[in-house]
Amino acid sequence: MRVGLYPGTFDPVTYGHLDIITRAASLVDRLVIGVAINRDKGPLFALEERVAMLEGETAAIAARTGIEIVVHPFENLLVDCARDVGAGIIVRGLRAVTDFEYEYQMVGMNRSLDPEIETVFLMAEIRYQAIASKLVKEIARLGGDVTKFVPAAVRRALLARLGR
Ligand code: ADP
């Protein structure tokens with residue numbers, strides 16, 4: 001049984017994340033979505049809200065692909081989280097060159113911490129590649145339309161949180 005771990009902040013989940021999750025589903029039997037607490041990043045949504053949104057949006061992907069998708073909050077080291085959930089693969093999404101430098105360092109560090117865990121990078125479909133949670137929040141805050149970037153329930157949660 002192949003278990004993959006897809007970690008991130010998911011503040012909030014976007015169509016970019018969901019595209020990566022759908023692609024990862026064809027590589028593993030169980031996909032654990034690791035939701036980092038990430039207090040340093042000052043998330044807009046509380047951990048429980050991010051988890052609930054992910055659960056809501058990934059149920060259909062699990063049903064469609066037949067794999068098990070579990071949403072799992074974590075606060076410890078990524079490699080420890082991978083061991084805890086029995087994952088041999090860490091999945092990350094790559095957008096542009098800007099992601100590369102950071103991801104390159106992460107792989108190097110994680111590999112020295114645990115050489116048994118392999119990191120794989122996936123690229124979203126072209127129309128979802130530019131989506132970033134940070135920009136979605138910025139656009140919503142300034143009154144822009146985020147329909148193309150996030151599912152309807154996430155859009156509603158964003159507008160409610162921003163008092164729009
Ligand atoms: P983090 O705080 O770890 O960067 P994010 O929630 O921003 O968490 O992203 C989680 C993962 O999803 C990262 O690997 C990121 O590169 C990837 N990702 C986010 N948006 C996209 C996208 N539009 N296309 C491809 N990968 C993406």
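The values are calculated or read from the model by the stated rules, or taken from the named source; none is laboratory data. Note that the structure is predicted; figures quoted are calculated from it, not measured. Here the Cβ positions follow ideal geometry from the backbone for every residue, glycine too, while neighbour counts run over all protein chains shown. Remember, those area values only see protein heavy atoms, side chains included, never the ligands or the DNA or RNA. Shrake-Rupley method; radii C 1.70, N 1.55, O 1.52, S 1.80 Å.
When each of Val35, Val13 is tested for being in a loop (DSSP other than H, G, I, E, B) and either surrounded by 22 or more Cβ atoms within 10 Å (Cβ to Cβ) or touching a Cys at 6+ places or on another chain (Cβ under 6 Å) (or both), the lone residue that passes is Val13. For the range 46-66, a residue qualifies if it is in a loop (DSSP other than H, G, I, E, B) and under 22 Å from Ser26 (Cα atoms), and exactly one does: Gly66.
For the range 11-31, taking the residues that are over 13 Å from Glu68 (Cβ atoms) and without any contact (Cβ under 8 Å) to a residue 60 or more places away in the chain, the one that is nearest to the ligand (Cβ to nearest atom) is identified as Thr22. In the set (1) part of a loop (DSSP other than H, G, I, E, B); (2) touching a helix residue (DSSP H, G or I) at 6+ places or on another chain (Cβ under 6 Å), Asn110 fails one condition alone, (1). Quick check, is Gly144 more than 17 Å from the chain's Cα centre (by Cα) and either near the ligand (Cβ under 10 Å from one of its atoms) or not in a helix (DSSP H, G or I) (or both)? In short, yes. Comparison of Gly66, Gly42, Gly8 shows that the only residue that is away from the ligand (no atom under 15 Å from the Cβ) and either at pLDDT below 95 or open to solvent by 10 Å² or more (accessible area, probe 1.4 Å) (or both) is Gly66. The set of residues from the range 83-112 being more than 13 Å from the chain's Cα centre (by Cα), open to solvent by less than 60 Å² (accessible area, probe 1.4 Å) and within 14 Å of the ligand (Cβ to nearest atom) comprises Ile89, Ala96, Asp99, Glu103, Met106, Val107, Asn110.
State the number of residues belonging to the range 122-138 that are surrounded by 15 or more Cβ atoms within 10 Å (Cβ to Cβ) and touching an Asp or Glu at 6+ places or on another chain (Cβ under 8 Å). Total satisfying the criteria: 4.
Restricting attention to the range 146-164, the residues being under 17 Å from Gly16 (Cβ atoms) and loosely packed, with under 14 Cβ neighbours inside 10 Å number 3. If you go through the range 16-32 and keep only what is in a strand (DSSP E or B) and touching a helix residue (DSSP H, G or I) at 6+ places or on another chain (Cβ under 6 Å), you end up with Leu31, Val32. Inclusion of Glu49 among residues that are open to solvent by 30 Å² or more (accessible area, probe 1.4 Å), of a type in the set (D, E, K, R), under 16 Å from the mean Cα position of the chain (by Cα) and away from the ligand (no atom under 11 Å from the Cβ) is warranted.
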